[in-house]
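Quick notes on the structure that follows.
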Amino acid sequence: MNSRVGIIIVNYNQLKYTKDCVDSLLRSDFQNFQIALIDNASRGEITKQLATEYLNNEKVNLCFLEENIGYAAGVNKGFVLHQHNIPDYFLII
């Protein structure tokens, strides 16, 4: 089965858990996926660290929001990021 999966992760000030999640997905045996990582206006150096870690990874699409728009609206931004290559399934984390 070669179904494509679009994964949406919304982060707010949780660098460690977000990195653990993304890194675990990237190590998965199943590789037919794209991750939309939405940072919901985290404070401090979190956005810089996420960009350093994942900006050049073709599996991860980053979106850094300037204001916290809430979880549901962050998920909606993830759907927008997947519009260029619509997957067969979505996984929202």
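The values are calculated or read from the model by the stated rules, or taken from the named source; none is laboratory data. As the structure is a computational prediction, the values presented were derived from the model and not from experiment. With ideal geometry, Cβ positions are generated from the backbone for all residues, glycine too; neighbour counts draw on all protein chains shown. Each accessible area value is taken on the protein alone, full model and side chains, heavy atoms only, with ligands, DNA and RNA left out. Shrake-Rupley method; radii C 1.70, N 1.55, O 1.52, S 1.80 Å.
Rolling a 1.4 Å probe over the protein heavy atoms gives the chain an accessible area of 62 Å² per residue.
For the pair E45 and I92, the difference between a 0.36 nm per residue extended length and the Cα-Cα distance amounts to 14.5 nm. The label-point distance for N32 and A72, in a model that sets each label 7 Å from Cα toward Cβ, rounds to 3.3 nm. Protein heavy-atom surface of the chain, 1.4 angstrom probe: 50% of the accessible area is carbon and sulfur, with nucleic acids and ligands not counted.
How far is helix 71-81 tilted, in degrees, relative to the longest principal axis of the Cα atoms in the chain, given as a value from 0 to 90 rounded to the nearest 10? Long axis of 71-81 versus the principal axis of the chain: about 50 degrees. Both the radius of gyration and Dmax for the chain are 12.5, 42 Å, in that order, over alpha-carbon atoms.
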